[in-house]
Amino acid sequence: MRTQVGIVGAGPAGLMLSHLLHLAGISSVILESRSRAVIEATIRAGVLEQNTVDLMVETGVGARLKREGFNHHGFEFRFGGEGRRIDLHELTGGRSVTVYPQHEVLKDLIAARLADGGEIVFEASDVRITGINSDPAIHFVRPDGATETLHCDVVVGCDGSYGPSRDAMPEGGRQDYVRVYPFGWFGILAEAPPSSEELIYARHDRGFALISTRSPSVQRMYFQCDPAEKPEDWSEDQIWAELQTRVGGNGFRLKEGPIFQKNVVPMRSYVREPMQFGRLFIAGDAAHTVPPTGAKGLNLAVADVFVLSRALERYYRDGNTEGLEAYTATALRRVWRAQHFSWWMTSMLHRLEGASEFDQRRQLAELDMVTSSEAGRRTIAENYAGLPLG
Ligand code: FAD
Ligand code: DHB
């Protein structure tokens, strides 16, 4: 088998890359270890930056997003018993975010790739990358047990935090930057009406909580927990009591309903440098992870492949390799900005175990400073709505 660009992983990065390459007349094949049904049912991120929305709409995969997504012009910080709104729209000259779940993005991208004749091998196993210095190939096993080799000009690893691509780079030429947080997020999906028109990011002495949404009848909420917490150990009543304590007050109460999904997400910051070695490129979570507080993970994955698709387009159009050579530097600038923002949001809003009274008051003062000055609100708004692409 042969293609121009071999892609490992059918998450937001791999699928969007394949879609953008197709629009530029460049062929690609995606090898994915999970089934289509599992991918389309896995609950993950929910907030799309303006850039991600614009790219989806401009490239013809945004119709359902426009119809079914919820456009939000702002969000609320809640701390010390009061709410402070960040008006994204006003502070950024008209930018906003859209709440549209990651698995819906994936359904739209998969449908578009297949309608355009794209090839995605689901349930591929034993994926191995070789020849990244001269003659790249991806070896894999099809679901029926047949072994196969995909030869390509370039391999792009879009295989998330646990895939094999980033470790196909030689050990001597790479560096990892890691920060592990001593807490995680307990996430739920509940059948209930929305409690608020916009997202609420709450800081409480018991810890962080986030109120988001999925539809008029399904709500997504999270609260800070021990990363080793077991979802099954928490009853519905305990979960609602914890969320009400952290977010309620001043007459505000969350609207409750049956909880039909619970999960615990660990949190860490991670960057692999460089993001390219020979003919192997890595993008999205394969190259970096952010704590979810800034809602940046999916958006960063899309931004990486936007940059890479432009560079590949230049290479195939006129043999110019400048964009490809600059990929690591171009992508890392945004990655580190997003790392800082995600770490900052996390550190302002989470309960830091062992923090002194001084640290707690300092944390409240920081939130007060950022939300009461227009310069502070604008900094938050620009980063949350997303820096321009490319
Ligand atoms: P992924 O979406 O991880 O896609 C990688 C793909 O590669 C997967 O489909 C995987 O099956 C495939 N793959 C892996 N190994 C192999 C292999 N050996 N062979 C072939 N294929 C392989 N971000 C937020 O902003 N907000 C959130 O609330 C949020 N929640 C999250 C919850 C969880 C449980 C996780 C894991 C992530 C969450 N994120 C969140 C982060 C966000 O979902 C990711 O940043 C985003 O999915 C990155 O996209 P990606 O395409 O780079 O990687
Ligand atoms: C959601 C997830 C996030 O990480 C975030 O910052 C905001 C919303 C969500 O799943 O809806």
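Summary table below
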quantity	calculated
Tally of residues being surrounded by 20 or more Cβ atoms within 10 Å (Cβ to Cβ) and over 18 Å from the mean Cα position of the chain (by Cα) across region 33-53	1
Leading residue by the ranking (nearest to E68 (Cα to Cα)) among those in region 213-241 that are within 15 Å of ligand 1 (Cβ to nearest atom) and more than 21 Å from the chain's Cα centre (by Cα)	P231
Options D126, D205, D108; residue that is touching a Lys or Arg at 6+ places or on another chain (Cβ under 9 Å), more than 16 Å from ligand 2 (Cβ to nearest atom) and over 29 Å from Q363 (Cβ atoms)	D108
V180 being modelled with pLDDT of 95 or more, within 28 Å of G319 (Cα to Cα) and away from ligand 2 (no atom under 16 Å from the Cβ)	no
Given (1) surrounded by fewer than 18 Cβ atoms within 10 Å (Cβ to Cβ); (2) hydrophobic (A, V, I, L, M, F, W, C); (3) more than 16 Å from ligand 1 (Cβ to nearest atom), number of the condition V247 does not satisfy	(1)
Wholly enclosed strands (runs of 3 or more DSSP E) of region 92-144 bearing at least 3 residues within 10 Å of ligand 1 (Cβ to nearest atom)	125-130
Every residue from region 12-52 that is closer than 22 Å to F70 by Cα, in contact with a strand residue (DSSP E or B) (Cβ under 7 Å, 6 or more places away or on another chain) and assigned to a loop (DSSP other than H, G, I, E, B)	I43, G46, E49
Test: residue in region 343-357 that is outside any loop (DSSP other than H, G, I, E, B) and at pLDDT below 95	yes
Region 289-312, residues that are small (G, A, S) and part of a loop (DSSP other than H, G, I, E, B)	A295
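Conditions (1) closer than 24 Å to N51 by Cα; (2) buried (at least 17 other Cβ atoms within 10 Å of the Cβ); (3) modelled with pLDDT under 95, marked per residue:
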{"position": "G257", "(1), (2), (3)": "no, no, no"}
{"position": "N263", "(1), (2), (3)": "no, no, no"}
{"position": "L280", "(1), (2), (3)": "no, yes, no"}
{"position": "L298", "(1), (2), (3)": "yes, yes, no"}
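The values are calculated or read from the model by the stated rules, or taken from the named source; none is laboratory data. Not measured: the values here are computed from a predicted model. Here Cβ is always computed from backbone atoms with ideal geometry, including for glycine, and neighbour counts include all displayed protein chains.
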